[in-house]
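J.: Pasting in a structure now, in structure tokens, and then I'll have a few things to ask.
The values are calculated or read from the model by the stated rules, or taken from the named source; none is laboratory data. Everything numeric in this text was worked out from a predicted model, so none of it was measured. Neighbour counts are summed over all protein chains in view; Cβ atoms, including those assigned to glycine, are modelled from backbone coordinates with ideal geometry. With ligands, DNA and RNA removed, areas are computed over all heavy atoms of the protein, side chains included. Shrake-Rupley method; radii C 1.70, N 1.55, O 1.52, S 1.80 Å.
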Amino acid sequence: QPDVATRMFLSRITAELKIPVLALVDSDPYGLKILSVYMSGSKNMSYDSASLTTPDIKWLGLRPSDLNRYDLPEQCRLKMTENDIKTGKELLQEAFITQNPLWVKELQRMVKTKEKAEIQALSSFGFQYVTEVYLPRKLREGDWI
């Protein structure tokens, strides 16, 4: 779960500076759970969700469609466990997913292919691939949902 200070910081810069916040998380159900905490808060701290949420956060990556789009090598793709698949299917019922059809499509792809990947898998293309290729391309193309 994301720490409170980071959640408060993102909420504040979004509110005060009016800048977009883009999330880079692992392409697995737990990456989406982390994203949901930034977006709508945690159940444990629901009493203070207003100062700890960033409702307009966008999912930049790593998304299931990125695995093929960026030709992620097979050895960098991980097979989802039964628990991962179960969690993914449960997330398909969550409001933060169902309210965004593109998120639904991405999560359905993940559950169907039974593949997940960590952000660090992109480093298989080189140490600076994320900062010199992946992120600049995503930002240039406006490839977030």
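J.: Condition (residue is touching a Lys or Arg at 6+ places or on another chain (Cβ under 7 Å) and of a type in the set (Val, Ile, Thr)) applied to segment 80-91: is it met by at least one residue? Before the answer, list the steps.
T.: From segment 80-91, those touching a Lys or Arg at 6+ places or on another chain (Cβ under 7 Å) are 80, 84-85; that's our starting set.
This time we only want the ones that are of a type in the set (Val, Ile, Thr), so: 85.
Checked segment 80-91: at least one residue is touching a Lys or Arg at 6+ places or on another chain (Cβ under 7 Å) and of a type in the set (Val, Ile, Thr).
J.: Let me ask something else. Is it true that Leu102 is under 18 Å from Ser40 (Cβ atoms), open to solvent by 80 Å² or more (accessible area, probe 1.4 Å) and under 15 Å from the mean Cα position of the chain (by Cα)?
T.: Details: under 18 Å from Ser40 (Cβ atoms): yes; open to solvent by 80 Å² or more (accessible area, probe 1.4 Å): yes; under 15 Å from the mean Cα position of the chain (by Cα): yes.
Yes; evaluated as a whole, the condition is true for this residue.
J.: When the residues of segment 119-136 are filtered to those that are crowded, with 16+ Cβ neighbours inside 10 Å and of a type outside the set (A, V, I, L, M), which remaining residue is farthest from Cys76 (Cα to Cα)?
T.: Of all residues in segment 119-136, those crowded, with 16+ Cβ neighbours inside 10 Å come to 121-122, 125, 130, 134-135.
From what's left, of a type outside the set (A, V, I, L, M): 125, 134.
Values: Phe125: 11, Tyr134: 16 Å.
Looking at residues that are crowded, with 16+ Cβ neighbours inside 10 Å and of a type outside the set (A, V, I, L, M), I get Tyr134.
J.: Give the residue that is surrounded by the fewest Cβ atoms within 10 Å (Cβ to Cβ), with candidates limited to residues of segment 16-39 that are part of a helix (DSSP H, G or I) and of a type in the set (Val, Ile, Thr). Quick ask: steps written out before the conclusion?
T.: Narrowing segment 16-39 to residues part of a helix (DSSP H, G or I): 16-17, 29-39.
Filter once more, so that each one left must be of a type in the set (Val, Ile, Thr): 34, 37.
Numbers: Ile34: 16, Val37: 19.
Only one residue tops the list, namely Ile34.
J.: Could you give every pair whose Cβ atoms fall below 7 Å, whose first residue belongs to segment 126-139 and is within 12 Å of Asp66 (Cα to Cα), and whose second residue is of a type in the set (Phe, Trp, Tyr) and surrounded by 14 or more Cβ atoms within 10 Å (Cβ to Cβ), counting only separations of at least 6 or pairs across chains?
T.: Pairs that qualify, where the first residue is within 12 Å of Asp66 (Cα to Cα) and the partner is of a type in the set (Phe, Trp, Tyr) and surrounded by 14 or more Cβ atoms within 10 Å (Cβ to Cβ), are Tyr134/Tyr70; Lys138/Trp144.
J.: Counting just the residues of segment 47-90 that are within 11 Å of Lys116 (Cα to Cα) and touching a Gly at 6+ places or on another chain (Cβ under 9 Å), which one comes out surrounded by the fewest Cβ atoms within 10 Å (Cβ to Cβ)?
T.: It comes out as Met80.
J.: Hand me the list of helices (runs of 4 or more DSSP H) wholly inside segment 53-145 holding 3 or more residues that are within 18 Å of Leu24 (Cβ to Cβ). Even if it seems obvious, please write down each step before you answer.
T.: Numbers: elements: 64-69, 82-91, 95-98, 101-113, 135-141.
Because the criterion is at least 3 residues that are within 18 Å of Leu24 (Cβ to Cβ), the helices (runs of 4 or more DSSP H) in segment 53-145 that meet it are 64-69, 101-113, 135-141.
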